[in-house]
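Chemist: The structure under discussion is supplied below as structure tokens; questions concerning it will follow.
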Amino acid sequence: MESDELRLIADALGRVMRDEELPEDMLYALTDVDTPEGKEALLDAAAEITRQKASKTFDYCSIINARSGRCPENCRWCAQSAHFSTGCGVTDVVSDEEALEVSRYNADRGVGRFSLVTSGRATRGKDLEDVCRVCGEINREGRIGTCASLGLLDAGALQRLWDSGVHRYHCNLETAPSFFPSLCSTHTQADKLATIEAARKIGFEVCSGGIIGMGETRRQRMELAIALRAIRPASIPLNILIPIPGTPLEHTPLISEEEVLLAVAYFRFAHPAVQLRFAGGRARLSRATVLRAMRSGINGAIVGDLLTTLGSTIAQDKELVKEAGYE
């Protein structure tokens, strides 16, 4: 006899295949699936959604740490916060020469998008002008698309960025609305949403995701996925926490590989067609888990070095992508 879990998964899969948006209660019910049989069925269903609804072209992007350290925000996971002693280096805005060199390196290897990421609450004044100038130079070369993650910008700063040729903006919600206040008190998700809405009004595509493994529950992982539906992101980066010494989360137990796979499935059910990309933290996963994640929902990745933790090489990623069946 078919179990309640299997009936739930089959019903949810059927609705997604009919292009119905799953109701929140059904999405939350998927996080209660906990038998080995049910979890396998959930991953298989997410893989079917990925095959039928998501892009079959694997999407690569790369980032450069364009300004690091000295961040006044107190995000408990972050090595760049000035509130914690992590030994993170402090640098000013990256030089035009270095940014152009790295963008060309990535373009030569088939990476489609290059993002400048700065620490701090917001990038303003001369630093903003420096970032806009180098983005303009990269866009004039026309070899790779550009993206930026410059904090909580207002409409004027976002317009300046748009005018430089950057047309996708990144601002993570980070975690579930119910969990965020326990991880950061110097800004709110409402602040993030205001920046995202201002960017969308100008015309930016939005890239927004978060971090799993910070002590949240399965239900809260789905809560983040549901919150992101209101944003309609073109891309959802999924980071896996690497507990960094000196941060308040340094002793957080590592999330299991099974929980990572289940989280990927949750996000794919909530966002059938979005580009769901692996970001920071995936380097510790086994090759088998990365492959299963790609089949169950991941169809994009940030490649190269990932701010304060090491990423993976483009060549390694391309091998896995081919094996997983993507173009």
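Chemist: Can you say whether Glu223 is more than 16 Å from Lys39 (Cα to Cα) and buried (at least 17 other Cβ atoms within 10 Å of the Cβ), as far as the supplied structure shows?
Modeler: yes
Chemist: When you go through (1) within 22 Å of Lys53 (Cα to Cα); (2) modelled with pLDDT of 95 or more; (3) in contact with a helix residue (DSSP H, G or I) (Cβ under 8 Å, 6 or more places away or on another chain) one by one for Glu257, which number turns out not to apply?
Modeler: Glu257 satisfies every listed condition except (1).
Chemist: Among the listed residues Arg7, Arg15, Arg76, identify the single one that is surrounded by 12 or more Cβ atoms within 10 Å (Cβ to Cβ) and over 24 Å from the mean Cα position of the chain (by Cα).
Modeler: Arg15
Chemist: Before we move on, is Ala29 in a helix (DSSP H, G or I), buried (at least 16 other Cβ atoms within 10 Å of the Cβ) and free of Cβ contacts under 8 Å to residues at least 24 places away in the same chain?
Modeler: yes
Chemist: So, one more: So Ala10 fits all but one of (1) under 28 Å from Lys322 (Cα atoms); (2) of a type in the set (A, V, I, L, M); (3) assigned to a helix (DSSP H, G or I); what number is the exception?
Modeler: It fails just one condition, (1).
Chemist: Next question, about the same structure. Being surrounded by 22 or more Cβ atoms within 10 Å (Cβ to Cβ) and farther than 27 Å from Asp11 by Cβ is the requirement here; does Thr247 meet it?
Modeler: Answer is yes for this residue.
Chemist: Restricting to segment 162-181, count the residues that are farther than 13 Å from Val117 by Cβ and in contact (Cβ under 8 Å) with a residue 12 or more places away in the chain.
Modeler: Final tally of qualifying residues: 12.
Here is a yes/no grid of residues against (1) charged (D, E, K, R); (2) in a helix (DSSP H, G or I); (3) at pLDDT 95 or above; (4) farther than 21 Å from Cys147 by Cα:
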| residue | (1), (2), (3), (4) |
| --- | --- |
| Thr195 | no, yes, yes, no |
| Ala199 | no, yes, yes, no |
| Glu216 | yes, no, yes, yes |
| Glu223 | yes, yes, yes, yes |
| Thr247 | no, no, yes, yes |
| Glu250 | yes, no, yes, yes |
| Pro253 | no, no, yes, yes |
| Leu262 | no, yes, yes, yes |
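Chemist: Write out, first by first residue and then by second, each pair whose Cβ atoms fall under 9 Å of each other, whose residues are 6+ apart or on separate chains, and whose first residue, in segment 194-210, is in contact (Cβ under 8 Å) with a residue 60 or more places away in the chain while the second is assigned to a helix (DSSP H, G or I) and of a type outside the set (Asp, Glu).
Modeler: Correct list of pairs: Gly209/Leu224; Gly209/Leu228; Gly209/Phe267.
Chemist: So, of the residues in segment 50-69 that are crowded, with 22+ Cβ neighbours inside 10 Å and β-branched (Val, Ile, Thr), which turns out to be farthest from Arg15 (Cα to Cα)?
Modeler: So, considering only residues that are crowded, with 22+ Cβ neighbours inside 10 Å and β-branched (Val, Ile, Thr), the one farthest from Arg15 (Cα to Cα) is Ile63.
Chemist: Can you list residue pairs whose Cβ atoms sit under 9 Å apart, with the first residue in segment 237-261 being on the phi < 0 side of the Ramachandran plot and the second being acidic (Asp, Glu) and buried (at least 16 other Cβ atoms within 10 Å of the Cβ)? Count only pairs 6 or more apart in sequence or on different chains.
Modeler: Pairs found: Asn239/Glu174.
Chemist: Residues of segment 279-292 being closer than 26 Å to Met26 by Cβ and in contact with a strand residue (DSSP E or B) (Cβ under 7 Å, 6 or more places away or on another chain), which ones?
Modeler: If the condition is that a residue be closer than 26 Å to Met26 by Cβ and in contact with a strand residue (DSSP E or B) (Cβ under 7 Å, 6 or more places away or on another chain), then no residue fits.
Per-residue answers, yes or no, for (1) under 30 Å from Asp127 (Cα atoms); (2) among the aliphatic types (A, V, I, L, M); (3) at pLDDT 95 or above:
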{"residue": "Arg160", "(1), (2), (3)": "yes, no, yes"}
{"residue": "Tyr169", "(1), (2), (3)": "yes, no, yes"}
{"residue": "Leu173", "(1), (2), (3)": "yes, yes, yes"}
{"residue": "Pro177", "(1), (2), (3)": "no, no, yes"}
{"residue": "Leu183", "(1), (2), (3)": "yes, yes, yes"}
{"residue": "Gln189", "(1), (2), (3)": "yes, no, yes"}
{"residue": "Lys192", "(1), (2), (3)": "yes, no, yes"}
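Chemist: Does Ser286 qualify as being in contact with an Asp or Glu (Cβ under 8 Å, 6 or more places away or on another chain) and among the hydroxyl-bearing types (Ser, Thr, Tyr)?
Modeler: Here the answer is yes, as Ser286 does meet what is asked.
Chemist: Answer yes or no as to whether Glu24 is under 22 Å from the mean Cα position of the chain (by Cα), at pLDDT 95 or above, surrounded by 12 or more Cβ atoms within 10 Å (Cβ to Cβ) and of a type in the set (D, E, K, R).
Modeler: So Glu24 fits the description; yes.
Chemist: Here's another thing I want to ask about it. Residue by residue through segment 65-81, note down the ones that are of a type outside the set (Asp, Glu) and either in contact with a His (Cβ under 7 Å, 6 or more places away or on another chain) or within 14 Å of Gly280 (Cβ to Cβ) (or both).
Modeler: Asn65, Asn74, Cys75, Trp77, Cys78, Ala79, Gln80
Chemist: Among the residues of segment 33-85, which ones are of a type in the set (A, V, I, L, M, F, W, C), touching a residue at least 40 places away in the same chain (Cβ under 8 Å), assigned to a helix (DSSP H, G or I) and over 30 Å from Leu183 (Cα atoms)?
Modeler: Ala45, Ala47, Ile49
The values are calculated or read from the model by the stated rules, or taken from the named source; none is laboratory data. It should be emphasised that the depicted structure is a prediction, and the values quoted were computed from it without experimental measurement. Cβ atoms come from the backbone with ideal geometry, glycine included; neighbour counts cover every protein chain shown.
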